[in-house]
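See structure below.
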Amino acid sequence: MKSIFITLLAAVLPAFSILQAETLVFEQVECAGISGFRAHWDSPISLAEEGLRIPVDREVKDRGQTAIWGGEKPGPLCFDAVHRMLLVRFPEAAKKIAAALSEGRCIERIELLLPYRDEEIWPPGRIDYPVPDGYRYRMNWGVDRKWREQRPNWHAVAFVLRRPWIADPALGPTYNAAINGAVYWSRFGASSTEHDRFPTVFGPAEVSSYHPEGRLDVTAVVTNELYGKTMEERLRVFSDQGFLLQKWEVYDARFLDGSDAYEWASSSSPRAILIRRPRLVVTLSPGEPQDLGDIS
């Protein structure tokens, strides 16, 4: 009888634990772009969820529009695999997660959610003459047909940044600086894994028309002392430094059929994934109270 009771208890406890779990969702997010196009090297890129896009394809007008960065209007939230990178952070995360831990919760999982919006058919500069701030692409050799007919299954990857930044038209990050004119990346594009970003790659997670909610498991930020010796330091990563997002695919062999010159179609790297406002989702379960002090 005792063994049966223990067996039943063991079966019930996990379900009870799930019922006791709770979720914190952080929707207040700061986003900024950094762009490797020469015209944007030293310019903060202002972004907004409904940022400027323009239709450039000759036939498709209801999707696949080109993201415009660096103009008078904010650009959309997007990232590609080469030049355009998206920075995201959650200013309220450290304080509110710390408050939950002090009340007797423990962290089970933290995810960065990337809601899909669209993908570019053509990147900036896609037309038959070069433009100063974009790529040069020719709309011929059947390349345009390929990209109209098949939607991609692209993925996002993320890096944890080492330096704080703010989304600001004057002081925001640039391709060369974490704080424009004041604090510079050690290597352009925040690419130094010793000083600018941590080397670990989070992902890939699919963000596409077939998988409209990409989820990156970033729990390691709070469990691995690589990101800070104390829990307070690790929580501040979400609020102060945040993440750098890039597209995973630089090449997409599904678009290669042997008829296109110079593999124009299969080089997917400059085409961006567009997303809506990212969210940070923290799953908590009952635990022992932790005193982390006052995290503002």
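The values are calculated or read from the model by the stated rules, or taken from the named source; none is laboratory data. Please read these numbers as outputs of a predicted model, since none were measured by experiment. Every residue, glycine among them, receives a Cβ derived from its backbone with ideal geometry; neighbour counts consider all protein chains shown. Quick note on the areas: whole protein, heavy atoms, side chains included, nothing else; ligands and nucleic acids left out. Shrake-Rupley method; radii C 1.70, N 1.55, O 1.52, S 1.80 Å.
Observations, loosely collected:
- Unique residue being surrounded by fewer than 23 Cβ atoms within 10 Å (Cβ to Cβ), modelled with pLDDT of 95 or more and touching a Gly at 6+ places or on another chain (Cβ under 9 Å) when the list is P76, P132, P115, P173: P115
- In this structure, S285 does satisfy being out of contact with any Leu (no Cβ under 7 Å at 6 or more places or on another chain) and modelled with pLDDT of 95 or more.
- Taking the range 37-73 as the range and being buried (at least 18 other Cβ atoms within 10 Å of the Cβ), within 25 Å of V281 (Cα to Cα) and more than 14 Å from the chain's Cα centre (by Cα) as the test, the residues that pass are S46, G51.
- Yes/no for G64 being out of contact with any helix residue (DSSP H, G or I) (no Cβ under 6 Å at 6 or more places or on another chain) and in a loop (DSSP other than H, G, I, E, B): yes
- Within the range 224-254, being surrounded by fewer than 19 Cβ atoms within 10 Å (Cβ to Cβ), without any contact (Cβ under 8 Å) to a residue 24 or more places away in the chain and not in a loop (DSSP other than H, G, I, E, B) holds for E225, E233, A253.
- For R145, the conditions (1) free of Cβ contacts under 8 Å to residues at least 12 places away in the same chain; (2) under 30 Å from I97 (Cα atoms) are fulfilled apart from (2).
- Residue count, the range 180-212 (criterion: under 20 Å from E111 (Cα atoms), touching a strand residue (DSSP E or B) at 6+ places or on another chain (Cβ under 6 Å) and open to solvent by 30 Å² or more (accessible area, probe 1.4 Å)): 5
- Scan of the range 79-112 for residues that are open to solvent by 10 Å² or more (accessible area, probe 1.4 Å), closer than 24 Å to G293 by Cα and part of a strand (DSSP E or B), ordered by number: R89, R105, C106, I107, E108, R109
- The range 255-282 residues that are at pLDDT below 60 and charged (D, E, K, R), paired with ones that are outside any loop (DSSP other than H, G, I, E, B) and open to solvent by less than 70 Å² (accessible area, probe 1.4 Å) (beta carbon under 7 Å, 6 or more apart): D260/V143
- Selection within the range 177-223 - in a loop (DSSP other than H, G, I, E, B) and within 19 Å of I45 (Cα to Cα): N180, G181, A182, W185, R187, S191, D196
- Reported count of residues in the range 149-166, each being assigned to a loop (DSSP other than H, G, I, E, B) and more than 15 Å from the chain's Cα centre (by Cα), is 9.
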